[in-house]
Every structure is written in structure tokens, then in C-alpha cells.
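Undergrad: Sharing a structure, written as C-alpha cells. Questions coming.
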Amino acid sequence: MLRIRCIHCGPRDENEFVCGGTSHLTRPPLGASDGEWAEYLFFRDNPKGLHLERWRHAQGCGAWFNLARHTVTHEILAVYPITERPPAIVERTPPSAEGSR
Amino acid sequence: MTSGYSAWSLLRGAVGGHRHWPPAWPAVEPKSRYDVIVVGGGGHGLATAYYLAKNHGLRNVAVVERGWIGGGNTGRNTTIVRSNYLYPESARLYDFSLKLYEGLGKDLDFNIMLSQRGLLMLAHSRHDLDAMSRWANAMRMNGIEVNLLDRAAVANLVPALDLSPRARLPVIGGFLQPRGGTARHDAVAWGYARAAAALGVDIIQNCEVRAFLKDGARVTGVETSRGRIQAVRVGIAAAGHSSVLAGLAGFRLPVTSYALQALVTEPIKPALDTVVISPGTGAYISQSDKGGMVIGAMLDLFPSYAQRGSFAVLQAILASTLEMFPSFSRLKMLRHWAGIVDVVHDSSPIIGPTPVPGLYINCGWGTGGFKAIPVGGWTLAHVLATGENHPLAEAFQLERFVTGRLVDEAAASGIAH
Ligand SMILES: Cc1cc2nc3c(=O)[nH]c(=O)nc-3n(C[C@H](O)[C@H](O)[C@H](O)COP(=O)(O)OP(=O)(O)OC[C@H]3O[C@@H](n4cnc5c(N)ncnc54)[C@H](O)[C@@H]3O)c2cc1C
Ligand SMILES: [Zn+2]
């Protein structure tokens, strides 16, 4: 069970939350090619290591926010508001520090 | 090296105290060069190697596995086989697979313990039932036998189910695919490995692919934990690690890796002789030949490479299993585990070339690729050997995510199975 620190409600159990997938994807302009749309909609880095992702406190306050979480250890390295860039410490960590272990 | 398995060989073995059995496949050192290297020694990789040798006469083939064969999802699944998919493309693919399973024990000379005990999908509401009628009609149109059942027929088939009107999850009907059932997962991996090795394929365990060798854009081999190995063509069948390997080769996939968990109880006397799936609650259950109740869950819905399941999902799945089967509440859990599955948006596989010349992939089976091991191997072997997609795999190419021609099987595989 993950303990997730909601930006409003503090630490709560995982089953109050839903994960909304990768953060910081930018919607392409309307004139984008099919290939660009496919990248935006479907193709993902799916890293084994650090992942920046959106979560919603669905059974709580309803807020969306971002997590920086490791996909092997599940360690949560940062919680930050939905409209913000990740904290500098996280941006400097290479996404797949784990390699293919 | 490999001897035939039969009642006679068993008897002969008994005389010698079963001490003379040769290894089912030899441990080999990697050669410096192969015609084809298959990355990943799960069922799909091993079946690919077998059909490369058997169907296409390619014998200079290696399977490289970073751990032990069958140590990934192939040895972690709940062993359910079925072909109750909605669209014709999927029905063709999965039913071809089930047909191969039906002859596989004989083909491989290895008892895969296929048990076509029937697979029951439960309807808990009027909506479920309407959707299932449509689904069952689609299956019949695709030539796959299925029977719609009312509540009384379900009660007759599965007496242990709580069908009382007070049940928290009332059952009002369902459908049965009589040819669905289970097979022994380890035996599928071992059987393909042994049969492939007998045809000359090298099965190389403890050999992790860490990089791809390239000549310009083209893949020419792999850099492994046991050295460099050259190849004319390379196939990837790495399930939850598909994106990691794609990343090493320099492209991305429409895949997200999630943990999928299952558990098994202590063995008890026969109490359940069909596979029961409740799509509405996310739980499914069957009794293994050893007597354990094998209970499967829905996905832990956040990206993970951890191979361990979340307690929140475990709790939910046990709650709904016990609502359906109150009499199982005293059973002790023996083991609980998870595998990392490769989920794509339309719940359909990808079998074909990648954007990198010389490199081919079989992935995207997500929660349901055990049943597809024979056809996954058959079709990946075809494209590796001939350079052309197998007709069964034509609809399952990577470019469908660009053209938008998805094959959305969310309903048929919305649950683990
Ligand atoms: C709990 C659970 C229940 C399931 N239940 C069912 C079910 O009832 N029915 C059904 O049809 N399906 C089921 N599935 C899905 C099914 O198990 C998988 O789709 C299927 O086994 C995938 O087979 P595979 O050979 O592609 O992958 P795997 O068996 O996972 O094999 C991939 C192999 O690649 C290796 N590998 C990874 N990276 C590297 C590398 N860099 N170098 C070398 N090797 C590497 C791994 O070690 C692994 O052995 C279930 C899955 C789980 C986890
Ligand atoms: Zn909150």
C-alpha cells in the first residue's frame, strides 16, 4: 500500500487515489500530423526508474497533483502542484538510473 | 540428448529409480553469431524459437534470457486459456492459439496439462447480460462456440457460488466457452524449450541484453552480460520490459508497465471444476490440479516494474471473491505474487517489425498473453524468418497507433485472465 501525501489532505492510503498517467505531456497544435498525435496520445517513455506522473485524490478532496515516483522501489521523491514543473532535484535525476536491471 | 516421454519411458525410469533422466535441454555457451536471436525466454520467446526451427527450418537460433526461462509472466500467470474475444481479427488470432494448444502436448511430446474445463463469465446486472449477449453473438459469428446461461444454469454449473437474492453481487446469468480452461504454465515454457533445443536452438539463461549492436540504423546483434552476439535478425519478446528494450534500441512503444497480481490457497478437495470470471468485480478463480484455488486480480493501476502487488488491490479482490464464494473464507493463502505486464491502449498485441531495421517485436499482451503463447511464437517466427507479416498478425502492427485503426478489446481483456 502506497502512502501518498495529497497536497491538501496530507498522507492518505493509496486506495483513495487514482493515477492519471505521465505528467507534462504537451498537447500538439491542431494541425499536427498523425504521427505527432500518436506520440502525444499513445507512445510513452514508460521508464524503469523515475516517473513524473499525475494523481488525483479521487475519494478525498478531488485535487489533481504531480508525483515524482520511482517505478521499481515505488519511493515518492516529490509531490508538487499540477501546474508546476518538477523540483530541480528531480529534474537532475536521470529517468532510468536503474538501467535495465 | 532428449529422449521421448511416454508411459514406457516412465516405467523404464522407475526401474532405475528415476536417476537416469537426461536434462531436458543442454546448458550452452553463446556462439558468436546466429541467424536469429530472440530476446526473452518466456513462453512467447521460446515458442518463437521453436517455430523458427520447426516451421521455417532455421536452426542457428538462440533465445537469450536474463534470468531463468519462464521466470517472467509465463511462470506467474493464472494459466487461463480461452478465445472469447469480440473482433474477428482477435478471434482469429486467439482461436488459432487455442487450437495449437489443443495439439501442443503431442506436438512437443510434453504434457502441458491442458484442461478444457470450460470458462464461465458472470453477469451481475442487466447491463452485463445485454453486453454478454452481444459478445456471445459476435463469438458465434466468428465461429467460436459459446453458450448463454441463465441463473439456474449457472447455479447448476457452480454450486459453490452464492446465488441467493441477498448476495452482495447477485448473479443473473453469464456465458460459457466450453473450450476454455487452463494449462500448466511451467510446462508450456519447458515443453517449448525442450522441443526447440532438440531442433538445435540454443537456450541461454542468465544472459541479459544490455545494448543493441548496430551498423548504421540496422541492428546486427546484442551486447549481453555474457558478451557480444551477432545476429542477422533480432526479435524481442520481453513483456513488461518491452519499453526498456525499445529504449535501448532507440524507439518508444505505446506501452505502460503495470503489476498484475495473483494468489493461491492451500490445496483442498475438488470444489470448482470450471474457470469463473467476474468482469464486474475484477476477480476470477479456478482450482488447480493440485487443489489450490488460484485467484487473480485486476491491475495495480499505476506504472510499476516492482514485481510485487499492492495490498489495496489484494484486499479488494479477496473481498469480491469471498462475496461470490463465502465458503472459501477459511482457506489459507499459500503464495501471493505479481508480474509486470505490458499494457497498450487497445488491449491488443503488437507483432511485427519495429522502426529499427533488423529488429522485430512481440509485445502488448498485457494481462492476457499466456493463452496466446503458441500464436505469438508462430507469428513472430514468421516475420523473423520471411520478413513478411503473418496474415494473422496483419491487424496487430505498431502503425495502428498512427492510423487510428485500433482493435479495442478492452471488454474481452478488461480483467486479467
Ligand atoms: C498475475 C498474472 C496473471 C495472468 N493470468 C493470465 C491468464 O490467466 N491467462 C493469460 O492468457 N495470460 C495471463 N497473464 C498474462 C501472461 O502471463 C503474459 O501475457 C505472458 O506470459 C507473456 O509471455 P512472454 O513470454 O511475452 O513474457 P514473459 O514470460 O514475462 O517473458 C519475458 C522474458 O524476458 C526476459 N527479459 C526481460 N528483459 C530482458 C533483457 N534485457 N535481456 C534478456 N531477457 C530479458 C524476462 O526475464 C522474461 O523471462 C497473467 C499475467 C500475470 C502477471
Ligand atoms: Zn486531498
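The values are calculated or read from the model by the stated rules, or taken from the named source; none is laboratory data. Since this is a predicted model, take the numbers as computed values, not measurements. No Cβ is skipped: glycine too gets one built from the backbone with ideal geometry, and neighbour counts run over all protein chains shown. The accessibility values were calculated without ligands, DNA or RNA, using every heavy atom of the protein model including side chains. Shrake-Rupley method; radii C 1.70, N 1.55, O 1.52, S 1.80 Å.
Undergrad: Could you run the Karplus curve 6.51 cos²θ - 1.76 cosθ + 1.60 with θ = phi - 60° over the range A:4-19 and give me ³J(HN,Hα) per residue in whole Hz, x for Gly and Pro?
TA: Per-residue couplings from phi come out as 10, 8, 5, 5, 9, 9, x, x, 9, 6, 3, 6, 8, 10, 10, 8 Hz.
Undergrad: Using the Cα centre of chain B as the reference point, and only Cβ charges (+1 on K/R, -1 on D/E), how large is the resulting charge dipole? Debye, rounded to the nearest 20.
TA: Here the size comes out at about 700 debye.
Undergrad: Oh, and also: For A:Trp64 paired with B:Ser327, estimate the spin-label separation in nm (one decimal), with each label point 7 Å from Cα along the Cα-to-Cβ line.
TA: Modelled inter-label distance: 4.9 nm.
Undergrad: A further question follows. Please list B:Glu266, B:Glu208 from largest to smallest accessible area, probe radius 1.4 Å, with all protein chains kept in place. Please list the in-between numbers first.
TA: Working: B:Glu266 50, B:Glu208 20 Å².
Sorted descending by solvent-accessible area, the residues read B:Glu266, B:Glu208.
Undergrad: Based on the alpha carbon coordinates of chain B, what radius of gyration and maximum Cα-Cα distance (Dmax) apply, in Å?
TA: Calculated on Cα positions, Rg and Dmax stand at 21.4, 67 Å.
Undergrad: Suppose only helical runs count, i.e. DSSP H with n ≥ 4. What mean residue ellipticity at 222 nm does that imply for chain B under -39500 (n - 2.57) per run, divided by all residues and rounded to the nearest 500 deg cm²/dmol?
TA: On the way: 11 runs with 125 residues, N = 417.
After summing the helix terms and dividing by the residues of chain B, the value is -9000 deg cm²/dmol.
Undergrad: Still on this structure: Could you compute the FRET efficiency for A:Met1 and B:Ser225, with r as their C-beta to C-beta distance and R0 at 41 Å, rounded to 0.05? Kindly include the intermediate steps, with their values, before the conclusion.
TA: Numbers: r = 34 Å, r/R0 = 0.84.
E between A:Met1 and B:Ser225, to the nearest 0.05, is 0.75.
Undergrad: Which residue, B:Leu104, B:His127, B:Ala138, has the largest displacement toward the positive end of the dipole of the range B:100-180 when charges sit on each Cβ (Lys, Arg +1; Asp, Glu -1)?
TA: Projecting each Cα onto the dipole axis, the largest value belongs to B:His127.
Undergrad: Here's something else I'd like to know. Are there trypsin sites (Lys or Arg not before Pro) in the range B:322-405 that DSSP puts in a loop and that have at most 10 other Cβ atoms within 10 Å, and which ones?
TA: The qualifying sites are B:Arg330, B:Lys332.
Undergrad: Also, I was wondering about something else. Along the three principal axes, how long is the range B:252-401 when you take its alpha carbons, biggest first, rounded to the nearest angstrom?
TA: Projected onto the principal axes, the Cα atoms of the range B:252-401 cover 55, 30, 24 Å.
Undergrad: Okay, next question. What percentages make up the Cα-Cα pair-distance distribution of the range B:34-178 when the bins are 10 Å wide from 0?
TA: P(r) for the range B:34-178, in whole percents per bin: 10, 28, 29, 19, 10, 3, 0.
Undergrad: Which whole-angstrom value gives the distance between the alpha carbon centres of the range A:24-42 and the range B:15-53?
TA: Here the answer is 43 Å between Cα centres.
Undergrad: Of B:Gln261, A:Ala63, B:Val407, whose Cα points farthest to the positive end of the dipole of the protein assembly as shown (charges on the beta-carbon: +1 Lys, Arg; -1 Asp, Glu; origin at the Cα centre)?
TA: Sorting the options by dipole projection puts first B:Gln261.
Undergrad: Within the protein assembly as shown, how many lysine pairs that are 8 or more places apart, or on different chains, have C-alpha atoms less than 18 Å apart? Write down the numbers at each step before the final one.
TA: Working: B:Lys54/B:Lys99; B:Lys54/B:Lys106; B:Lys99/B:Lys371; B:Lys106/B:Lys371; B:Lys269/B:Lys290; B:Lys269/B:Lys332; B:Lys290/B:Lys332.
Total qualifying Lys-Lys pairs in the protein assembly as shown comes to 7.
Undergrad: For B:Leu213 and B:His20, FRET efficiency with R0 = 35 Å and r from the beta-carbon atoms, rounded to 0.05?
TA: Details: r = 42 Å, r/R0 = 1.20.
Here the calculated transfer efficiency is 0.25.
Undergrad: Using amide H atoms built 1.01 Å from N in the peptide plane, name the residues 5+ places from B:Thr224, or on other chains, whose amide H lies under 5 Å from its own.
TA: Hits under the 5 Å cutoff: B:Arg210, B:Ile229.
Undergrad: Then there's this: Apply the Karplus curve 6.51 cos²θ - 1.76 cosθ + 1.60, θ = phi - 60°, to the phi angles in the range B:348-360 and return the couplings in whole Hz, x for Gly and Pro.
TA: Whole-Hz 3J(HN,Hα) from phi for the range B:348-360: 10, x, 10, 9, x, x, 9, x, 9, x, x, 10, 10.
Undergrad: Quick check of the Kirkwood formula: for the range B:339-389, what is the inverse mean of 1/r over all pairs of different Cα atoms, in Å?
TA: Working: mean 1/r = 0.0874 Å⁻¹.
The answer is 11.4 Å.
Undergrad: Using a 1.4 angstrom probe with every protein chain in place, what is the largest-first accessible-area order of B:Glu394, A:Glu14, A:Glu39?
TA: Working: B:Glu394 105, A:Glu14 15, A:Glu39 85 Å².
I get B:Glu394, A:Glu39, A:Glu14, largest accessible area first.
Undergrad: While we're here: Would you kindly enumerate the cysteines in the protein assembly as shown that have no other Cys beta-carbon under 4.7 Å from their beta-carbon?
TA: Within the protein assembly as shown, the cysteines lacking a partner Cβ under 4.7 Å are A:Cys19, A:Cys61, B:Cys207, B:Cys363.
Undergrad: Let me ask something additional. At a Förster distance of 51 Å, what's the computed FRET efficiency of B:Ala271 paired with B:Ala27, Cβ-Cβ distance as r, to 0.05? Could you put the intermediate results ahead of the total?
TA: Values: r = 41 Å, r/R0 = 0.81.
Efficiency for this residue pair is about 0.80.
Undergrad: Can you work out ³J(HN,Hα) from phi for every residue in the range B:41-47, in order, using Karplus 6.51 cos²θ - 1.76 cosθ + 1.60 and θ = phi - 60°, giving whole Hz and x for Gly and Pro?
TA: x, x, x, 5, x, 5, 5
Undergrad: How large is the accessible surface of A:Trp37 in square angstrom, using a 1.4 angstrom probe and rounding to the nearest 10?
TA: 60 Å²
Undergrad: Another one. Given the convex hull over the Cα atoms of the protein assembly as shown, what projected area results after averaging over all orientations, in nm²?
TA: Working: hull surface 104.4 nm².
With the hull built on Cα positions only, its mean projection is 26.1 nm².
Undergrad: Once a ≥ b ≥ c are taken as the square roots of the eigenvalues of the Cα gyration tensor of the range A:29-73, is the result rounded (a/c under 1.5), prolate (a/b larger than b/c) or oblate (a/b not larger than b/c)?
TA: Numbers: a/c = 3.77, a/b = 1.46, b/c = 2.59.
Oblate.
Undergrad: Still on this structure, please answer the following. Using alpha carbons only, how many degrees (0 to 90, rounded to 10) separate the axis of helix B:88-108 from the longest principal axis of chain B?
TA: 70 degrees
Undergrad: Let me ask something else. Of B:Phe212, B:Pro170, B:Pro159, whose Cα points farthest to the positive end of the dipole of the range B:118-218 (charges on the beta-carbon: +1 Lys, Arg; -1 Asp, Glu; origin at the Cα centre)?
TA: Going by the charge dipole, the pick is B:Pro170.
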